[in-house]
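Peer 1: Before we start, here is the structure in question, set down as structure tokens.
The values are calculated or read from the model by the stated rules, or taken from the named source; none is laboratory data. All figures in this text were calculated on a predicted structure; none of them were measured in a lab. Virtual Cβ from ideal backbone geometry, glycine too; neighbours counted across all protein chains shown.
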Amino acid sequence: MTATTEAAGPVAATRTAAQRRPVSPMRQALRLTRTEFTLMYRYRTALFFVLFPLVFVGLSMVARGDSPIPGVDAAALNAAGTPAIIAMMIGIMHVSNIYSARREQLILKRFRASGVPPTALFGATTLSVLAVVVLLSAVVVAGLGIGFGVVPADPVLVVLSVLVTTVTMALLGAALTRFARNAESAQMISMVPFLLLYASSGLMIPLEIFPDQVATAAQLLPTAPAVDLIRSGYLGYDLFGGVAQAQSATGAELWIAALPSLAVLLAWLAIAVLAVRFFRWDPRQPK
């Protein structure tokens, strides 16, 4: 009986150690992503931010007319860039809202106290936002295909641009909460970068009509390069010098033309990663 007890001891210890084995940040992020989807469905404000970008998609597709690109309708030209606006709106406005609310409710502090790393928390939010952006972008692709017979000329460039844009915007939205006192103030504060980035995207107002200095400054912000990358990859035209100077480009030629815009977008991704390192976990008003 003693031998049996001694034999069972190491087995029990091994099982206990296995049970206490820490969960990797990746698995934690995937588990939290499922929770994010559940909360997104139940939280009406989140549903608004998720579904409202479809208004931009619908408006862009009904504005038919001639465009400077031969054979491309003006509505298709505008709609092809809307995935960047979808990523920007959900990333900036939705993420800043939910993180501000969770911080004031001490949810984020409990996560940190329980050992959940920031990479898992930010990763889960980013993955959920990315899934929604991909779904809405698929709606755009279907609309362009059915309504205008347009399909992506360079799907790899389009997917890469949507991916980098979404991750950048989600992290910028999280970093923005440092300036928000609560969820209500986050909604107000997030409107400022949203309007600025939307106005400088080139979709609402063509950048060609601005003075050269203003147009150059807009190209250094994340939305204009994102719109140019997605539209160029989708339509197979070099739109990086402006729609009026668009030229047909595919393959290596298109990728070489895309490098400056891609570099700007990656620079903003690096800025966003650095910004979330200073994320405020404690509520602005101690509880």
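Peer 1: Among (1) in a helix (DSSP H, G or I); (2) farther than 28 Å from residue 177 by Cα; (3) in contact with a Pro (Cβ under 9 Å, 6 or more places away or on another chain), where does residue 252 come up short?
Peer 2: Of everything listed in (1) in a helix (DSSP H, G or I); (2) farther than 28 Å from residue 177 by Cα; (3) in contact with a Pro (Cβ under 9 Å, 6 or more places away or on another chain), residue 252 misses just condition (3).
Peer 1: Identify the residue in segment 194-218 that is small (Gly, Ala, Ser) and farther than 21 Å from residue 57 by Cβ and, among all such residues, is surrounded by the fewest Cβ atoms within 10 Å (Cβ to Cβ).
Peer 2: Step one: filter segment 194-218 for residues small (Gly, Ala, Ser), giving 199-202, 215, 217-218.
Keeping just the survivors that are farther than 21 Å from residue 57 by Cβ gives 215, 217-218.
Working: 215: 17, 217: 14, 218: 20.
The selected residue is 217.
Peer 1: Give segment 151-182 a look and list any residue that's surrounded by fewer than 20 Cβ atoms within 10 Å (Cβ to Cβ) and in a helix (DSSP H, G or I), or say none.
Peer 2: Across segment 151-182, the qualifying residues are 155, 156, 159, 160, 163, 178, 179.
Peer 1: Out of 56, 52, 48, which single residue is touching a Ser or Thr at 6+ places or on another chain (Cβ under 7 Å), at pLDDT below 80 and on the phi < 0 side of the Ramachandran plot? Full working, then the answer.
Peer 2: Working: 52 fails: touching a Ser or Thr at 6+ places or on another chain (Cβ under 7 Å); 48 fails: touching a Ser or Thr at 6+ places or on another chain (Cβ under 7 Å).
One residue alone meets the criteria, 56.
Peer 1: Kindly evaluate residue 149 against the criterion of being without any contact (Cβ under 8 Å) to a residue 40 or more places away in the chain and out of contact with any Ser or Thr (no Cβ under 8 Å at 6 or more places or on another chain).
Peer 2: So residue 149 passes the test.
Peer 1: Look at residue 189 and say whether it is of a type in the set (Val, Ile, Thr) and in a loop (DSSP other than H, G, I, E, B).
Peer 2: On the way: of a type in the set (Val, Ile, Thr): yes; in a loop (DSSP other than H, G, I, E, B): no.
Spelling it out, it is not the case that residue 189 is of a type in the set (Val, Ile, Thr) and in a loop (DSSP other than H, G, I, E, B).
Peer 1: Next up: Between a first residue in segment 210-224 that is hydrophobic (A, V, I, L, M, F, W, C) and a second residue that is exposed (fewer than 12 other Cβ atoms within 10 Å of the Cβ) and in a helix (DSSP H, G or I), which pairs have beta carbons less than 9 Å apart while being 6 or more apart in sequence or on different chains?
Peer 2: 215/209
Peer 1: List the number of the failed condition for residue 225; all other conditions in (1) surrounded by fewer than 24 Cβ atoms within 10 Å (Cβ to Cβ); (2) touching a Pro at 6+ places or on another chain (Cβ under 9 Å) hold.
Peer 2: (1)
Peer 1: Those residues that are closer than 24 Å to residue 268 by Cβ, in contact with a strand residue (DSSP E or B) (Cβ under 7 Å, 6 or more places away or on another chain) and either assigned to a helix (DSSP H, G or I) or free of Cβ contacts under 8 Å to residues at least 24 places away in the same chain (or both), I need them from segment 225-248; list them, please.
Peer 2: Residues satisfying the conditions are 232, 238.
Peer 1: Can you tell me which residue is surrounded by the fewest Cβ atoms within 10 Å (Cβ to Cβ) among those in segment 115-129 that are assigned to a helix (DSSP H, G or I) and among the aliphatic types (A, V, I, L, M)?
Peer 2: Of the residues in segment 115-129, the ones assigned to a helix (DSSP H, G or I) are 118-129.
Filter once more, keeping what is among the aliphatic types (A, V, I, L, M): 120-121, 124, 127, 129.
Details: 120: 22, 121: 25, 124: 22, 127: 20, 129: 27.
Filtering first and then ranking leaves 127.
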